[in-house]
Amino acid sequence: MVYLTRIEHFNAAHRLYNPDWSAEKNEEVFGKCANHNWHGHNFELYVTIKGDPDPDTGFIFDAKRLSTIVKERVIDKLDHRNLNLDVDFMLGKRCSIENLVVGIWQELAPALPAHVKLHCLKLVETPKIYVEYYG
Amino acid sequence: MSKRVAVYRKEHFNAAHRLFRPDLSAQENDRLFGKCALPNYHGHNYELIVKVTGEPDPITGYVVDMKWISDLVQEKIIERFDHRNLNLDTQEFKALNPTAENIAIVIYDLLRPHVLAQHDLQIRLYETPRNFVEYPA
């Protein structure tokens, strides 16, 4: 079993807030991240698949094809967007990276060929904060 | 022989922004700025590197105290821009497109009055890991 990781980038605006709470409660829980007019990040997405190398190609899966699928299924929806307003699979959700990584998994996993097993998504929000999700 | 040394302090902020000109049509903004003009904003992690050049002080051995630069940048820059929308939340970009170029010039102008006259100041600003600007060039 070999693990292959492809790294993609996107940048986006977002805001952490709960619409059921008052402005004061949002400020108390989310601090600056609740800023009404959004803030933003450069996000890095690490997509790790696992499998045995194909005897003919030596690949688990063509990394270029993996990149194309990730771009078409998620990066095109996220890049230069507002995560709260513009992204169909995040509508109605809290736009934390925890929820975002789960949303990306749900978009991506069904789009991969049956023999390609998604192992892990790592989503980096800042140089000091990232999440990992294993499905 | 000159004993001038450059010292660098790296700081970080993140912000939302949008590149567009309100006096131009949506089509023209799209042509000039592409996805960066999208109406609901996007954002970046900005890496700011402040460079101060001068001769080390004979008493301290410092060009400037790094803690002093850090405190200055926190007070003048980070508190102003961090977790903000540069277009909507700041005075500096009410009528100025918040490109990396313009942000670097604004940061320089905010810091320059606080740096000693005999010291040179230069700003390097990373908008993404691969796009960065320097001012003065």
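Values in this text are rule-based calculations from the coordinates and carry no lab data. Worth saying up front: this structure is predicted, and the values here are computed from it rather than measured. Don't worry about glycine lacking a Cβ; one is built from the backbone with ideal geometry, like all the others, and counts go over all protein chains shown.
Just how large is the dipole of the stretch A:1-131 about the Cα centre, in debye to the nearest 20, putting +1 at every Lys and Arg Cβ and -1 at every Asp and Glu Cβ? Mind showing how you got there, number by number?
On the way: 16 positive and 18 negative charges, 22 e Å.
Around 100 debye, computed over the stretch A:1-131.
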Could you pull the Rg and Dmax for the stretch A:2-133, using just the Cα atoms, both in Å? 16.5, 61
Nearby lysines by direct alpha-carbon distance to residue A:25 (threshold 21 angstrom, same-chain neighbours under 8 apart not counted): A:93
Inverse of <1/r> over all distinct C-alpha pairs of the protein assembly as shown, i.e. the Kirkwood Rh in Å, gives 20.8 Å
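How shielded is B:42-50 by partner chains, expressed as the average number of their Cβ atoms within 10 Å of its Cβ atoms? Let's see the in-between values first.
On the way: counts 16, 14, 8, 11, 3, 2, 0, 0, 0.
Shielding by partners across B:42-50 averages 6.
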Compare the Cα positions of B:19, B:78, B:93 along the charge dipole of the stretch B:5-135 (+1 at Cβ of Lys, Arg; -1 at Cβ of Asp, Glu; about the Cα centre) and return the one farthest towards the positive end. B:19
To make sure I understand the rule: partners must be lysines, Cα under 22 Å from the Cα of residue A:64, and not fewer than 8 residues away in the same chain. Which ones qualify? A:50, A:77, A:117, A:122
Using a Gaussian network model of chain A whose springs link C-alpha atoms within less than 10 Å, name the residue from A:105, A:38, A:21 with the highest mean-square fluctuation. A:21
Other protein chain Cβ atoms within 10 Å, averaged over every residue that makes up A:28-39: 5
Per residue of B:65-78, other chain Cβ atoms within 10 Å number on average 0
Just to be sure I follow the rule: in chain B, considering lysines 8 or more places apart or on different chains, how many pairs have Cα atoms under 24 Å apart? 10
With chain B treated as a Gaussian network of Cα nodes joined by springs under 10 Å, which of B:80, B:124, B:31 yields the largest mean-square fluctuation? B:31
Candidates B:24, B:96, B:32: whichever shows maximal mean-square fluctuation once chain B is modelled as a Gaussian network with Cα springs under 10 Å: B:24
List every DSSP H helix in chain B whose Cα atoms extend 15 Å or more along the helix's own long axis and whose mean Kyte-Doolittle hydropathy is at least -0.5. B:100-111
